[in-house]
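*Asks:* Once you've had a glance at the structure underneath, I'll fire off some questions.
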Amino acid sequence: MNFTLLESKIINILANNVALSQKLQAICKLLKESIPYYDWVGFYFKNGAENELILGPFAGAPTEHTIIPFGKGICGQVAVSNKNFVVQDVTAQENYISCGFKVKSEIVVPIFVNGKNIGQIDIDSHSTAPFTDADERFLEFVCAEVSKQNLAAFL
Ligand code: SME
(Lines give C-alpha, C1' and ligand atoms only; values in the text may rest on other atoms or scores of the structure.)
Protein backbone atom coordinates (compact mmCIF):
# COMPACT_ATOMS: atom_id res chain seq x y z
CA MET A 1 0.00 0.00 0.00
CA ASN A 2 1.40 3.37 -1.01
CA PHE A 3 0.50 5.34 2.09
CA THR A 4 2.95 8.11 1.17
CA LEU A 5 1.04 8.87 -2.03
CA LEU A 6 -2.25 8.81 -0.11
CA GLU A 7 -0.80 11.23 2.45
CA SER A 8 -0.07 13.79 -0.26
CA LYS A 9 -3.63 13.34 -1.61
CA ILE A 10 -5.01 13.95 1.91
CA ILE A 11 -3.06 17.21 2.14
CA ASN A 12 -4.41 18.30 -1.24
CA ILE A 13 -8.01 17.48 -0.26
CA LEU A 14 -7.70 19.46 2.98
CA ALA A 15 -6.25 22.45 1.11
CA ASN A 16 -9.33 22.74 -1.11
CA ASN A 17 -11.56 25.76 -0.60
CA VAL A 18 -14.75 23.79 0.14
CA ALA A 19 -16.76 23.00 3.26
CA LEU A 20 -15.04 20.82 5.84
CA SER A 21 -17.77 18.17 5.51
CA GLN A 22 -16.94 17.89 1.80
CA LYS A 23 -13.25 17.46 2.56
CA LEU A 24 -13.95 14.75 5.14
CA GLN A 25 -16.32 13.06 2.70
CA ALA A 26 -13.59 13.12 0.04
CA ILE A 27 -11.10 11.58 2.49
CA CYS A 28 -13.54 8.76 3.33
CA LYS A 29 -14.09 8.07 -0.38
CA LEU A 30 -10.37 8.17 -1.15
CA LEU A 31 -9.48 5.74 1.62
CA LYS A 32 -12.32 3.33 0.85
CA GLU A 33 -11.50 3.28 -2.87
CA SER A 34 -7.71 3.12 -2.48
CA ILE A 35 -7.24 0.54 0.25
CA PRO A 36 -8.85 -2.79 -0.67
CA TYR A 37 -9.44 -3.90 2.93
CA TYR A 38 -11.05 -0.57 3.99
CA ASP A 39 -14.73 -1.42 3.42
CA TRP A 40 -16.31 1.35 5.51
CA VAL A 41 -14.59 4.60 6.44
CA GLY A 42 -16.22 7.25 8.61
CA PHE A 43 -15.68 10.04 11.10
CA TYR A 44 -17.40 10.28 14.46
CA PHE A 45 -17.28 13.46 16.57
CA LYS A 46 -18.15 14.23 20.18
CA ASN A 47 -21.74 15.48 20.17
CA GLY A 48 -21.43 18.91 21.79
CA ALA A 49 -21.58 18.65 25.57
CA GLU A 50 -23.10 15.13 25.43
CA ASN A 51 -20.97 12.13 26.34
CA GLU A 52 -21.73 10.52 23.01
CA LEU A 53 -20.38 10.36 19.49
CA ILE A 54 -22.31 11.45 16.43
CA LEU A 55 -21.59 10.14 12.95
CA GLY A 56 -20.07 12.61 10.49
CA PRO A 57 -19.10 12.02 6.85
CA PHE A 58 -18.61 8.38 5.85
CA ALA A 59 -18.18 6.14 2.79
CA GLY A 60 -19.70 2.68 2.62
CA ALA A 61 -22.99 1.15 3.68
CA PRO A 62 -25.26 3.40 5.79
CA THR A 63 -25.24 2.46 9.48
CA GLU A 64 -27.99 2.79 12.07
CA HIS A 65 -25.28 3.60 14.65
CA THR A 66 -25.30 7.35 14.11
CA ILE A 67 -25.11 8.03 17.87
CA ILE A 68 -22.76 6.01 20.10
CA PRO A 69 -22.60 6.60 23.89
CA PHE A 70 -19.11 6.99 25.37
CA GLY A 71 -17.84 3.60 26.54
CA LYS A 72 -20.02 1.59 24.15
CA GLY A 73 -18.49 -0.40 21.31
CA ILE A 74 -15.03 0.08 19.88
CA CYS A 75 -15.75 3.72 19.03
CA GLY A 76 -17.18 4.57 22.44
CA GLN A 77 -14.19 2.95 24.16
CA VAL A 78 -11.75 5.07 22.13
CA ALA A 79 -13.72 8.18 23.14
CA VAL A 80 -12.69 7.48 26.76
CA SER A 81 -9.31 5.73 26.36
CA ASN A 82 -7.79 8.34 24.00
CA LYS A 83 -5.87 5.49 22.36
CA ASN A 84 -5.91 3.73 19.01
CA PHE A 85 -7.98 0.53 19.08
CA VAL A 86 -7.04 -2.17 16.57
CA VAL A 87 -9.48 -5.10 16.52
CA GLN A 88 -8.18 -7.80 14.20
CA ASP A 89 -11.16 -10.09 14.91
CA VAL A 90 -14.40 -8.48 16.06
CA THR A 91 -15.82 -11.83 17.26
CA ALA A 92 -13.22 -11.74 20.06
CA GLN A 93 -14.62 -8.42 21.40
CA GLU A 94 -17.46 -8.37 23.92
CA ASN A 95 -17.95 -4.59 23.89
CA TYR A 96 -18.58 -4.31 20.18
CA ILE A 97 -21.43 -2.80 18.13
CA SER A 98 -21.94 -4.74 14.91
CA CYS A 99 -22.52 -2.81 11.72
CA GLY A 100 -23.19 -5.93 9.67
CA PHE A 101 -22.27 -9.58 9.48
CA LYS A 102 -19.61 -8.95 6.81
CA VAL A 103 -17.42 -6.88 9.14
CA LYS A 104 -14.51 -8.94 10.49
CA SER A 105 -12.14 -6.30 11.86
CA GLU A 106 -12.02 -2.64 12.79
CA ILE A 107 -9.54 0.12 13.57
CA VAL A 108 -10.34 3.39 15.34
CA VAL A 109 -7.87 6.26 15.77
CA PRO A 110 -8.72 9.35 17.86
CA ILE A 111 -8.51 12.98 16.69
CA PHE A 112 -7.02 15.46 19.16
CA VAL A 113 -7.46 19.23 19.16
CA ASN A 114 -5.37 21.01 21.80
CA GLY A 115 -4.83 17.65 23.50
CA LYS A 116 -8.58 16.95 23.71
CA ASN A 117 -10.09 13.85 22.12
CA ILE A 118 -12.82 15.38 19.94
CA GLY A 119 -13.55 12.57 17.52
CA GLN A 120 -12.12 9.70 15.56
CA ILE A 121 -11.73 7.96 12.25
CA ASP A 122 -13.29 4.50 12.12
CA ILE A 123 -12.52 1.80 9.54
CA ASP A 124 -14.42 -1.47 9.17
CA SER A 125 -12.94 -4.31 7.12
CA HIS A 126 -14.43 -7.47 5.66
CA SER A 127 -11.02 -9.14 6.07
CA THR A 128 -9.74 -10.72 9.27
CA ALA A 129 -6.51 -9.25 10.69
CA PRO A 130 -5.65 -6.92 7.79
CA PHE A 131 -4.22 -4.04 9.84
CA THR A 132 -0.53 -3.38 10.48
CA ASP A 133 1.46 -0.65 12.22
CA ALA A 134 1.54 1.13 8.85
CA ASP A 135 -2.25 1.56 8.98
CA GLU A 136 -2.01 3.05 12.46
CA ARG A 137 0.75 5.48 11.45
CA PHE A 138 -1.17 6.45 8.30
CA LEU A 139 -4.46 7.02 10.15
CA GLU A 140 -2.62 9.01 12.84
CA PHE A 141 -1.33 11.21 10.01
CA VAL A 142 -4.87 11.64 8.64
CA CYS A 143 -6.22 12.56 12.10
CA ALA A 144 -3.36 15.00 12.75
CA GLU A 145 -3.99 16.75 9.42
CA VAL A 146 -7.77 16.85 10.01
CA SER A 147 -7.19 18.33 13.47
CA LYS A 148 -5.50 21.36 11.83
CA GLN A 149 -8.83 22.27 10.22
CA ASN A 150 -11.45 24.44 11.92
CA LEU A 151 -13.54 21.67 13.43
CA ALA A 152 -15.96 24.04 15.20
CA ALA A 153 -18.87 22.78 13.11
CA PHE A 154 -18.34 19.29 14.51
CA LEU A 155 -17.71 20.24 18.14
N1 SME B 1 -18.37 -1.17 15.26
C2 SME B 1 -18.40 0.11 15.92
C3 SME B 1 -19.70 0.84 15.63
C4 SME B 1 -19.61 1.78 14.49
S5 SME B 1 -19.64 0.98 12.99
O6 SME B 1 -18.37 0.19 12.85
C7 SME B 1 -19.80 2.02 11.72
C8 SME B 1 -18.18 -0.03 17.39
O9 SME B 1 -18.14 -1.14 17.91
O10 SME B 1 -18.06 0.99 18.05
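The values are calculated or read from the model by the stated rules, or taken from the named source; none is laboratory data. None of these values were measured; they are calculated from a predicted model. Every residue, glycine as well, gets a Cβ built from its backbone with ideal geometry; the counts of neighbours run over all protein chains shown. Calculation scope for accessible area: heavy atoms of the full protein, side chains included, ligands and nucleic acids excluded. Shrake-Rupley method; radii C 1.70, N 1.55, O 1.52, S 1.80 Å.
*Asks:* Whether any residue in the stretch 115-137 is of a type in the set (Lys, Arg), within 12 Å of the ligand (Cβ to nearest atom) and more than 15 Å from Leu53 (Cβ to Cβ) is what I want to check.
*Replies:* no
*Asks:* Are there any pairs with C-beta distances below 8 angstrom linking a residue in the stretch 82-103 that is free of Cβ contacts under 8 Å to residues at least 60 places away in the same chain and of a type outside the set (Ser, Thr, Tyr) to a residue that is away from the ligand (no atom under 12 Å from the Cβ) and part of a loop (DSSP other than H, G, I, E, B), with the two at least 6 apart or on different chains, and if so which?
*Replies:* Partner pairs satisfying both residue conditions: Val86/Phe131; Gln88/Thr128; Gln88/Ala129; Gln88/Pro130; Gln88/Phe131; Asp89/Thr128; Asp89/Ala129.
*Asks:* Based on what the data block shows, is Phe58 open to solvent by 50 Å² or more (accessible area, probe 1.4 Å) and closer than 21 Å to Glu136 by Cα?
*Replies:* So Phe58 passes the test.
*Asks:* Only one of (1) assigned to a loop (DSSP other than H, G, I, E, B); (2) more than 13 Å from the ligand (Cβ to nearest atom) fails for Ala153. Which number is that?
*Replies:* Ala153 satisfies all of (1) assigned to a loop (DSSP other than H, G, I, E, B); (2) more than 13 Å from the ligand (Cβ to nearest atom) except (1).
*Asks:* Let me ask another. Condition (residue is open to solvent by less than 10 Å² (accessible area, probe 1.4 Å), outside any strand (DSSP E or B) and aliphatic (A, V, I, L, M)) applied to the stretch 118-136: is it met by at least one residue?
*Replies:* no
*Asks:* Cβ-Cβ distance below 7 Å, separation of 6 or more or different chains: which pairs start in the stretch 31-50 with a residue that is modelled with pLDDT of 95 or more and hydroxyl-bearing (Ser, Thr, Tyr) and end on one that is open to solvent by less than 40 Å² (accessible area, probe 1.4 Å) and in a loop (DSSP other than H, G, I, E, B)?
*Replies:* Tyr37/Pro130
*Asks:* Filter the stretch 76-88 down to residues that are in a helix (DSSP H, G or I) and open to solvent by less than 40 Å² (accessible area, probe 1.4 Å), then give me how many there are.
*Replies:* 3
*Asks:* Looking only at the stretch 71-105, count every residue that is within 14 Å of the chain's Cα centre (by Cα) and either more than 9 Å from the ligand (Cβ to nearest atom) or over 13 Å from Trp40 (Cβ atoms) (or both) and tell me the total.
*Replies:* Selection size over the stretch 71-105: 12.
*Asks:* All but one of (1) open to solvent by 70 Å² or more (accessible area, probe 1.4 Å); (2) at positive phi hold for Gly73, so report the exception by its number.
*Replies:* Evaluating Gly73 over (1) open to solvent by 70 Å² or more (accessible area, probe 1.4 Å); (2) at positive phi leaves (1) as the failure.
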